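S.K.: Pasting in a structure now, in structure tokens, and then I'll have a few things to ask.
Derivation of every value follows stated rules applied to the coordinates shown; laboratory data play no part. Keep in mind it's a predicted model, so treat the numbers as computed, not measured. Here the Cβ positions follow ideal geometry from the backbone for every residue, glycine too, while neighbour counts run over all protein chains shown.
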């Protein structure tokens with residue numbers, strides 16, 4: 001039985017100029033707008049990005065922000081240090097539904113206020129990179145080892161793209177089937 005060799009990361013990556021991004025001076029509100037408007041097309045299939053890249057003023061990638069990072073960043077400031085069971089209490093008021101609505105309105109206002117926080121408050125560092133010449137199997141190992149859904153791709157020391165777990169998975173499907 002012969003196995004089909006996997007392609008290189010550079011063959012399945014999304015070019016960096018096509019990937020949604022913001023600058024490190026952006027707010028959560030701006031990041032929400034970018035991620036909501038972004039749409040990626042890979043092999044004639046459209047998909048929504050799960051992350052946006054963050055660049056500094058001179059164009060160096062300094063990190064990324066996932067949708068869940070944005071949601072975490074929108075959480076009311078007074079709730080952040082509290083345990084989860086405390087943070088969900090305002091929605092469990094059963095005796096007086098009006099009290100629940102009052103608390104809910106305050107929470108919503110606080111979420112809207114948090115949207116002006118800097119993106120750097122919730123940004124994830126850009127620690128793990130992969131080379132465009134590496135095989136997709138290496139990308140799989142890196143994604144699993146570091147619990148990542150994407151990897152920035154470099155070639156000759158320069159950022160050239162992003163490879164996503166969904167694309168690496170498709171390569172593995174081809175390998176296995």
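S.K.: Round to the nearest 0.05 the FRET efficiency obtained for residue 38 and residue 116 when R0 = 22 Å and r is the Cβ-Cβ distance. Show your work: numbers first, answer last.
M.R.: Numbers: r = 21 Å, r/R0 = 0.95.
Calculated value: 0.60.
S.K.: I need the semi-axes of the equivalent ellipsoid of region 1-75: take the C-alpha gyration tensor, multiply each eigenvalue by 5, square-root it, list largest first in whole angstrom.
M.R.: Details: eigenvalues 163, 44, 29 Å².
Working through the eigenvalues yields semi-axes of 29, 15, 12 Å.
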